[in-house]
Amino acid sequence: MSNILVTRSSMPDYEEYCEEIKELWDSHWLTNMGTKHKQLQAKLENLLNVPHVVLYTNGHLALENVLAAMNLPKGGEVITSPFTFASTTHAIVRNSLNPVFCDIDPTYYTMDATKIESLITDKTCAIVPVHVYGNVCNVEEIERIAKKYGLKVIYDAAHAFGVKYKGISTACFGDASMYSFHATKVFNTIEGGSVCFSNDALVQTLNDMKNFGIRGPETVEFVGGNAKMNEFQAAMGICNLRHLDEEVAKRKAVVEQYRSRLSGVDGIILCPTQSDVEPNYAYFPVVFEPTQFGATRNEVFDALAEQGIGARKYFYPLTNTFDCFHGAYDVNQTPVALHISKRVLTLPLYADLSMDDVNRICDVILCCKK
Ligand code: T4K
């Protein structure tokens, strides 16, 4: 039996991609905001119904740049979640800002908005919540708090491309939102990312940051870096966008099969669907409560690995325990995140995962139950 990895990049037909990139051979224009870049940007602004999309070579640099563009004071405190990929916390720290970790909601694993206000000090300047697994944060409460205290809100929406809340795309919340278009995402541009926002003034700043501050052949007005999406990435995005609905529908069928096999099992906690949310089925997290299930998360992980099934411990360890921070943060201040990170496993999920494979994965998991 073949191995199953946690995910598998969706790709257009080879011929479709070749057709899309053919004109790059004709024009020799490979990067620096060419026609594919412009086309993808316009398509995304239209699809997401957001005034501005700035494309990046990856999601992490998009997040780093948009944080820098907010002109937050050096040493300022940024309230964020530790239950996330390294990128979120690193983007804050690499901007000389101090992360202040807020605990997460035990049901959806997003930042617990009821705990934000108690973390605000006179140094707090921003909130960086994460729509983790594509679950939408409590955007209304976060907006209320941000307005009350004059804080910027930058969403790490890396997992939430295509997700809508009350009919509104996740691109539209906060001062800005960052999507990742990495190969492992619901929508990929090989590597890639974007910042979405409505403030017209931010367009120039982000474009300066991602292209050395070059405004014209003889004009450099900003000390920017290089984080541009190239034409091959944009072409992959244009192709993959054509198949987005199919991608989400196939993922939905996989998730429904997982739910039908695993819900109602004592000791297995599945993330419920959120009301008012159109999901993208980006990840399928499962929490194992060892006292009821009879096996730990790690035992289930090992049993799956023995059968060639690569589930992942997203997100363990918590970012506030990373070695690189040398114990700077007290993990006991985020007890729910700690609890979940020790018990969660994200199961393999991708559009072409067969129902036979889903059943094989569920059989191994259910065999662990004692
Ligand atoms: N914020 C959040 C909340 C994020 O989750 C991420 C990225 C970011 C920010 C930053 O966005 P980017 O700068 O990455 O755009 C993966 C991804 O590399 C990363 O994008 C993602 N989050 C994270 C959750 O997952 P790894 O280290 O687990 O990836 P890796 O190489 O182990 O790949 C996982 C599986 O995906 C493989 O087992 C097979 C499959 N795969 C992988 C690659 C690279 C493919 O099918 N095709 C591929 O090309 O981080």
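Here is a yes/no grid of residues against (1) part of a loop (DSSP other than H, G, I, E, B); (2) surrounded by fewer than 19 Cβ atoms within 10 Å (Cβ to Cβ); (3) under 19 Å from the mean Cα position of the chain (by Cα):
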| site | (1), (2), (3) |
| --- | --- |
| THR84 | yes, no, yes |
| PRO99 | no, no, yes |
| THR107 | yes, yes, yes |
| SER118 | no, yes, no |
| GLY162 | yes, no, yes |
| MET178 | no, no, yes |
| LYS185 | yes, no, yes |
| VAL195 | no, no, yes |
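For (1) within 11 Å of the ligand (Cβ to nearest atom); (2) of a type in the set (S, T, N, Q); (3) without any contact (Cβ under 8 Å) to a residue 40 or more places away in the chain; (4) within 21 Å of LEU349 (Cβ to Cβ), each residue gets a yes or a no:
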site: VAL153; (1), (2), (3), (4): no, no, yes, no
site: HIS159; (1), (2), (3), (4): yes, no, no, yes
site: LYS164; (1), (2), (3), (4): no, no, no, yes
site: GLU191; (1), (2), (3), (4): yes, no, no, yes
site: LEU206; (1), (2), (3), (4): no, no, no, no
site: PHE212; (1), (2), (3), (4): no, no, yes, no
site: THR219; (1), (2), (3), (4): no, yes, yes, no
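Selection over region 329-370 of residues that are part of a loop (DSSP other than H, G, I, E, B) and out of contact with any Pro (no Cβ under 9 Å at 6 or more places or on another chain) gives a count of 11. Looking across LYS313, LYS370, one residue alone is in contact (Cβ under 8 Å) with a residue 24 or more places away in the chain and within 15 Å of the ligand (Cβ to nearest atom). It is LYS313. Among the residues that make up region 25-33, is at least one of them of a type in the set (Ser, Thr, Tyr) and surrounded by fewer than 21 Cβ atoms within 10 Å (Cβ to Cβ)? Yes, some residue in region 25-33 is of a type in the set (Ser, Thr, Tyr) and surrounded by fewer than 21 Cβ atoms within 10 Å (Cβ to Cβ).
Comparison of ALA305, ALA295 shows that the only residue that is free of Cβ contacts under 8 Å to residues at least 24 places away in the same chain and not assigned by TED's automatic domain parsing to the domain that holds GLY134 is ALA305.
The number of residues in region 275-305 being under 17 Å from LEU366 (Cβ atoms) and part of a loop (DSSP other than H, G, I, E, B) comes to 4.
Of (1) buried (at least 24 other Cβ atoms within 10 Å of the Cβ); (2) within 18 Å of the chain's Cα centre (by Cα); (3) more than 12 Å from the ligand (Cβ to nearest atom), ASP112 satisfies all except one. Which? That leaves (1) as the condition not met. Looking at this structure, is SER177 closer than 30 Å to LEU366 by Cα and among the polar types (S, T, N, Q)? Spelling it out, it is not the case that SER177 is closer than 30 Å to LEU366 by Cα and among the polar types (S, T, N, Q).
Find all pairs meeting these conditions: Cβ atoms under 8 angstrom apart; at least six residues apart or on different chains; first residue within region 54-70 and under 15 Å from ASN199 (Cβ atoms); second residue hydroxyl-bearing (Ser, Thr, Tyr) and more than 12 Å from the ligand (Cβ to nearest atom). The qualifying pairs are ALA69/THR205.
Only one entry in GLU191, GLU218 is modelled with pLDDT of 95 or more and farther than 18 Å from GLN41 by Cα, namely GLU218.
The values are calculated or read from the model by the stated rules, or taken from the named source; none is laboratory data. In this text the structure is predicted, and so the values were computed from the model without any measurement. Please note: Cβ atoms are built from the backbone with ideal geometry, for glycine as well, and neighbour counts cover all protein chains shown.
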